[in-house]
1. Might you let me know whether the range 50-58 holds any residue that is among the aliphatic types (A, V, I, L, M), modelled with pLDDT of 90 or more and more than 22 Å from Leu120 (Cβ to Cβ)?
2. When you go through (1) open to solvent by 40 Å² or more (accessible area, probe 1.4 Å); (2) out of contact with any strand residue (DSSP E or B) (no Cβ under 7 Å at 6 or more places or on another chain) one by one for Val78, which number turns out not to apply?
3. Taking the conditions exactly as written (buried (at least 21 other Cβ atoms within 10 Å of the Cβ), over 23 Å from Arg152 (Cβ atoms) and not aliphatic (A, V, I, L, M)), does Thr66 satisfy them or not?
4. Looking at the range 3-29, which of its residues are part of a strand (DSSP E or B) and of a type in the set (Lys, Arg)?
5. In the range 30-64, what residues are part of a strand (DSSP E or B) and within 13 Å of the chain's Cα centre (by Cα)?
6. Scan the range 21-44 and give yes if some residue there is at pLDDT below 95, farther than 16 Å from Lys134 by Cα, open to solvent by 40 Å² or more (accessible area, probe 1.4 Å) and in contact with a Phe, Trp or Tyr (Cβ under 8 Å, 6 or more places away or on another chain), otherwise no.
7. So Leu120 ticks every box in (1) in a strand (DSSP E or B); (2) more than 16 Å from Lys18 (Cα to Cα); (3) open to solvent by less than 20 Å² (accessible area, probe 1.4 Å) but one. Which box is left unticked?
Amino acid sequence: MGQVFLGETPGGLKVAVKVIRPEYADDPDFRLRFAREVEAARRVGGLHTPLVVDAAPDADSPWMVTSFIPGPSLASAVAENGPLDPASLRKLGAALAEGLAVIHACGLVHRDLKPDNIILAIDGPRIIDFGIAKSTNATAITTVGVAIGTLRYMSPEQVQGETGPASDVFSLGAVLTFAVTG
């Protein structure tokens, strides 16, 4: 629903610039979802996720700028190098569990934890893409009876439309299974 570009601040720092595709910019429901994505990403901070540098969800062409995290996605790394060894898997699992704990402590549920949404930075993994994250006390903004997320990594409850921190923990288990088996 958006394009992500590599940008640079005037001081030379690399950033990721997410720009919403024009066909979605006029959709009020999409704008609401994008504004919630920006809010969710800001709430989490930046240690386990990209830091939000700036955003304009109400602009004619909505956008968000985050810190750029160099590294492959977990999906790309496993495709290129094969499954993780046990020590790397334990380290990944601990780091992702720590990241999810921070996300959940902020009152959020990610709802789309998957290998493509994990960047393997040199100093540890980062969880990205809060496009369908939900506050634990928010009202639904999706259609009733429609499962939101990536089916392969969704908990049975999430498939039925019920999400909470436990759903993210289920997704974590599915991600780690992928990481160790490819």
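1. yes
2. Among (1) open to solvent by 40 Å² or more (accessible area, probe 1.4 Å); (2) out of contact with any strand residue (DSSP E or B) (no Cβ under 7 Å at 6 or more places or on another chain), Val78 violates only (1).
3. yes
4. Lys14, Lys18
5. Val52
6. yes
7. (3)
Residues are listed down the side, and each one gets a yes or a no for (1) open to solvent by 40 Å² or more (accessible area, probe 1.4 Å); (2) under 14 Å from Leu176 (Cα atoms); (3) touching a Gly at 6+ places or on another chain (Cβ under 9 Å); (4) free of Cβ contacts under 8 Å to residues at least 60 places away in the same chain:
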position	(1), (2), (3), (4)
Leu47	yes, no, yes, yes
Ala56	no, no, no, yes
Ala59	no, no, no, yes
Ala87	yes, yes, no, yes
Ala94	yes, yes, no, yes
Ala97	yes, yes, no, no
Pro115	no, yes, no, no
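The values are calculated or read from the model by the stated rules, or taken from the named source; none is laboratory data. As the structure is a prediction and not an experimental result, all values here were calculated from the model. All Cβ positions, even for glycine, are placed from backbone atoms using ideal geometry, and neighbour counts span all protein chains on display. Accessible surface is based on the protein model in full, side chains and every heavy atom, while ligands, DNA and RNA are left aside. Shrake-Rupley method; radii C 1.70, N 1.55, O 1.52, S 1.80 Å.
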